[in-house]
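Presented below is the structure to which this report refers.
The values are calculated or read from the model by the stated rules, or taken from the named source; none is laboratory data. The structure displayed is predicted, hence computed values, not measured ones. Glycine also receives a Cβ, built like all others from the backbone with ideal geometry; neighbour counts cover every protein chain displayed. Surface areas here come from the heavy atoms of the whole protein model, side chains and all, with no ligands, DNA or RNA. Shrake-Rupley method; radii C 1.70, N 1.55, O 1.52, S 1.80 Å.
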Amino acid sequence: QVQLVESGGGLVQPGGSLRLSCTASGSISSFREMGWFRQASGKQREWVATVIAGGSTNYGNSVKGRFTISRDNAKNTVYLQMNSLKPEDTAVYYCSAGIVLGNYWGQGTQVTVSS
C-alpha cells in the first residue's frame, strides 16, 4: 500500500512563500498523475495543481502564476512552490497521486497565511 506524506506547511505572512513536499513510500514512476488539493475550513476540497508523468502541468485559476508544481521521480517526491501567498490560500493542503488523481491521498498539511 502506497503512503503519501506531506510536509512544509506552516504560518507565513501575506506575500510570503512556502514549499510543500509530498514523498511516497514507494516509487512514483507508475503514477501518471500527481497533484495537490486544498480544503479551507467550511469549504469543499479544491483542486490546486497537477503534474503529469511527462512533465506537463495544470493549475487552478486561483493559483495560476503564483504556484509551481514539480516532481522528482528519483526522490519519489512532488513539490508545490507557493509564492505571493494570500490569506485566502489558507487551507489544509493534500497530496494525491495515481493513474489519475484520487487513487492515493496524503494526510494533509496546514498552511496559514496571516499577518
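Between V92, V111, V63, which is within 19 Å of G9 (Cβ to Cβ), modelled with pLDDT of 95 or more and touching a helix residue (DSSP H, G or I) at 6+ places or on another chain (Cβ under 7 Å)?
Numbers: V92 fails: touching a helix residue (DSSP H, G or I) at 6+ places or on another chain (Cβ under 7 Å); V63 fails: touching a helix residue (DSSP H, G or I) at 6+ places or on another chain (Cβ under 7 Å).
Of V92, V111, V63, the one residue that is within 19 Å of G9 (Cβ to Cβ), modelled with pLDDT of 95 or more and touching a helix residue (DSSP H, G or I) at 6+ places or on another chain (Cβ under 7 Å) is V111.
Each residue in region 26-44 was checked for being at pLDDT 90 or above and farther than 13 Å from L101 by Cα, and 7 of them qualify. Apart from one condition, F37 fits all of (1) touching a Lys or Arg at 6+ places or on another chain (Cβ under 9 Å); (2) assigned to a loop (DSSP other than H, G, I, E, B); (3) open to solvent by 20 Å² or more (accessible area, probe 1.4 Å); the exception is (2).
Evaluate region 3-26: report whether one residue or more is farther than 24 Å from T112 by Cβ and hydroxyl-bearing (S, T, Y).
Yes: one or more hits.
Scanning region 18-39 for residues that are among the small types (G, A, S) and over 14 Å from the mean Cα position of the chain (by Cα) gives S25, G26, S27, S29, S30. Against the numbered list (1) free of Cβ contacts under 8 Å to residues at least 24 places away in the same chain; (2) surrounded by 20 or more Cβ atoms within 10 Å (Cβ to Cβ), L20 comes up short only at (1).
Of the strands (runs of 3 or more DSSP E) entirely within region 40-115, those holding at least 1 residues that are open to solvent by 10 Å² or more (accessible area, probe 1.4 Å), touching a residue at least 24 places away in the same chain (Cβ under 8 Å) and within 29 Å of Q1 (Cβ to Cβ) occupy 46-52, 67-72, 77-82, 91-98, 109-113.
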